[in-house]
Structure formats: structure tokens, C-alpha cells
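Asks: Structure incoming, see below.
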Amino acid sequence: MASVAAAEGAAAALRSVLSRAQQAAARSGRVPDTVRVVAVSKTKPVGVIRGVHDAGHRCFGENYVQELIDKAPQLPEDIEWHFIGNLQSNKARALLAGVPNLDMVESVDDQKIANRLDRVVADLGRKPLKILVQVNTSGEESKFGVDPSGCVELAKHVKLGCPNLVFSGLMTIGMLDYSSTPENFKMLANCRKEVCEELGIPEEQCELSMGMSADFEQAIEMGSTNVRVGSTIFGAREYPKKN
């Protein structure tokens with residue numbers, strides 16, 4: 001019964017998040033349904049994820065390769081999985097082979113992982129994989145992501161040098177100090193402008209993945225098209241207790 005209650009609670013929380021996201025989009029003068037909410041389900045049981053899926057949601061995100069490989073086969077195939085954690089090149093094949101419905105990797109931060117994903121997609125005969133280039137807009141050493149000065153070069157490499165990948169936009173993780181997050185969001189928007197000018201593509205064709213549970217509305221108002229919301233939907237993370 002606890003898992004049923006958790007699933008129902010998560011589904012209700014999702015509806016609230018979707019409403020808030022649509023309102024934020026409207027405040028910024030955009031069409032509400034142009035914002036994607038990625039329900040970040042890391043550490044959450046399959047039953048709770050299924051409850052949110054049953055409520056009509058299809059886009060979910062996971063941070064850890066093995067956790068996603070374990071969960072995906074137990075859940076409906078129409079889920080569009082986003083991998084949002086740091087991906088080591090030696091785990092790329094396992095991820096793509098184990099999750100046929102992986103829709104996007106949001107965390108490509110160097111040419112090595114881009115090249116590896118490109119080769120694995122070709123080897124497996126998968127359809128081209130959507131990619132976001134992760135940018136470290138805060139300059140924190142603890143954060144993954146290419147330096148803003150290198151995002152144009154990496155985006156260009158993905159678009160022009162990786163035929164089995166689809167360059168879809170940019171991603172960032174803002175500082176935990178949310179008072180400074182707007183600068184991180186402005187930085188990513190500036191990166192998009194530079195990337196689009198270099199690649200000759202319209203900005204509306206280049207996604208911005210920024211904003212999480214604490215600041216997704218602000219991120220949407222500043223141009224985010226993709227927000228990654230975990231604890232606001234699913235509650236606090238449930239990590240195993242250490243002995």
C-alpha cells in the first residue's frame with residue numbers, strides 16, 4: 001500500500017509541476033507545451049515510476065547507468081529515457097544496448113564520449129541518438145561540463161563529426177546557491193547564441209536544458225526548454241544506508 005500511495009502522490013505532484021511549468025512558459029510569452037519536464041526518478045522504485053507513467057507522463061531521467069539498465073526493461077517501452085548523469089565512455093555500449101528506448105544523453109562534455117556514443121550507435125544499428133552538450137556555467141570543479149569557451153567547438157564536433165548523433169542543444173547544472181543561478185542560465189543562453197551563429201541554425205532548434213526542482217520556473221522564464229525535476233515530483237532521494 002505504501003508504494004501505491006507513493007505512486008499516487010508522485011502523479012499528483014507531477015500534475016502540479018506541469019501546471020507550474022506551463023504558467024512559467026506563458027509568463028515568458030512562450031507556448032506552454034514547448035517546455036519538456038523530465039521526471040528524474042533516480043533511486044525511486046519501478047512501481048512509483050509506473051504510477052507516474054500511468055498518469056500520462058512519458059519522459060523520465062536517470063543519473064546512473066546500471067540503475068537505468070535495471071529499471072528500463074521493467075517499464076513500458078514508450079518511455080523516453082534521458083540519461084542526465086556523467087557517462088564514462090566504457091559504459092556507453094552497456095547503456096545503449098540495455099536501454100533501446102534511450103531518447104537522449106544530456107551530459108556529453110567532451111569529444112571522447114561523443115565519439116564513443118557515435119560508434120556504439122552505429123554498431124548497434126540504432127536510430128541516431130539525441131545529444132545535449134553539457135556546459136559548466138558555474139566554473140565549479142565539482143561539476144562536469146565543457147568550459148563555456150569550448151562549447152562551440154564541441155557542439156560543432158557533435159553536429160558535423162558524429163553522423164549517428166543528433167546535436168539537440170545545451171545543458172547545465174546551476175549552482176546550489178540559487179541566488180546566483182540566473183548568471184548560470186544567462187551564460188547558457190549566451191552559449192546557445194554563439195553555437196547557433198557558428199552552426200547556422202535557428203535558436204529555437206537548439207534546446208536549453210536548465211532548471212531543477214528548486215528553480216525550474218525561473219529557468220523556464222529565462223528560456224529553458226527542458227527542466228529536470230526530481231524531488232518535487234518523487235520526494236527526497238532514497239539512498240541505501242551505509243553500514
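Asks: Report, to one decimal in Å, the Kirkwood hydrodynamic radius for the range 80-133 based on all distinct Cα pairs. Don't skip to the answer; put the middle values down first.
Replies: Working: mean 1/r = 0.0921 Å⁻¹.
By the Kirkwood definition, the hydrodynamic radius is 10.9 Å.
Asks: What is the list of residues in the range 109-124 whose amide nitrogen lies under 18 Å from a point 7 angstrom out from the Cα of E194, following Cα to Cβ?
Replies: 109-111
Asks: Once each part is reduced to its C-alpha centroid, what is the distance from the range 1-75 to the range 112-184 in angstrom?
Replies: When both Cα centres are located, 23 Å separates them.
Asks: Another question, if that's okay. Please find the FRET efficiency linking D54 to E238, where r is the Cβ-Cβ separation and R0 is fixed at 22 Å, and quote it to the nearest 0.05.
Replies: 0.60
Asks: I've got another one for you. Would you calculate a helix-derived [θ] at 222 nm for the chain, using -39,500 (n - 2.57) for each DSSP H run of n ≥ 4 and dividing by the full residue count, to the nearest 500?
Replies: On the way: 9 runs with 103 residues, N = 243.
Value at 222 nm, helices only, nearest 500: -13000 deg cm²/dmol.
Asks: For the range 1-138, what ratio Rg/Rh do Cα atoms give with a Kirkwood hydrodynamic radius?
Replies: Across the range 1-138, the Cα-based Rg/Rh ratio is 1.00.
Asks: Within the chain, what whole-number % of the accessible surface is contributed by carbon and sulfur, with the 1.4 Å probe and all protein chains included in the calculation?
Replies: The value for the chain is 50 percent carbon and sulfur by accessible area.
Asks: With the contact rule set at Cα under 8 Å and sequence spacing of 6 or more, what percent relative contact order holds for the chain?
Replies: Answer for the chain is 21 percent.
Asks: Moving on to the next point. Provide, as a two-decimal number, the C-alpha radius of gyration of the range 142-243 over 2.2 N^0.38 Å, N being how many residues it has.
Replies: 1.21
Asks: At a threshold of 8 angstrom on Cα-Cα distance, excluding pairs fewer than six apart, so keeping six or more, what relative contact order does the range 1-122 reach in percent?
Replies: Computed over the range 1-122, the figure is 20 percent.
Asks: If I take the Cα coordinates of the chain and project them onto the principal axes, what are the three extents in Å, biggest first?
Replies: Projected onto the principal axes, the Cα atoms of the chain cover 54, 44, 39 Å.
Asks: Take the residue pairs K44/K143; K44/K112; K112/K143; K42/K156 and return only those whose Cα atoms are more than 27 Å apart.
Replies: Values: K44/K143 23 Å; K44/K112 31 Å; K112/K143 18 Å; K42/K156 31 Å.
Cα-Cα > 27 Å for K44/K112; K42/K156; rest within.
Asks: Okay, moving on. I'd like to compare 193-201, 87-95: which one has the highest average count of other Cβ atoms within 10 Å, and what's the full order after that?
Replies: On the way: 193-201: 14.4, 87-95: 16.6.
Order by mean packing, descending: 87-95, 193-201.
Asks: Given Cα pairs under 8 Å that are at least 6 residues apart, what percent is the relative contact order of the range 49-176? Don't skip to the answer; put the middle values down first.
Replies: On the way: 216 pairs, mean separation 26.6, N = 128.
Normalised by residue count, the contact order of the range 49-176 is 21 percent.
The values are calculated or read from the model by the stated rules, or taken from the named source; none is laboratory data. Keep in mind the model is a prediction, meaning the values are calculated, not measured. No Cβ is skipped: glycine too gets one built from the backbone with ideal geometry, and neighbour counts run over all protein chains shown. The area values use the complete protein model at the heavy-atom level, side chains included, leaving out ligands, DNA and RNA. Shrake-Rupley method; radii C 1.70, N 1.55, O 1.52, S 1.80 Å.
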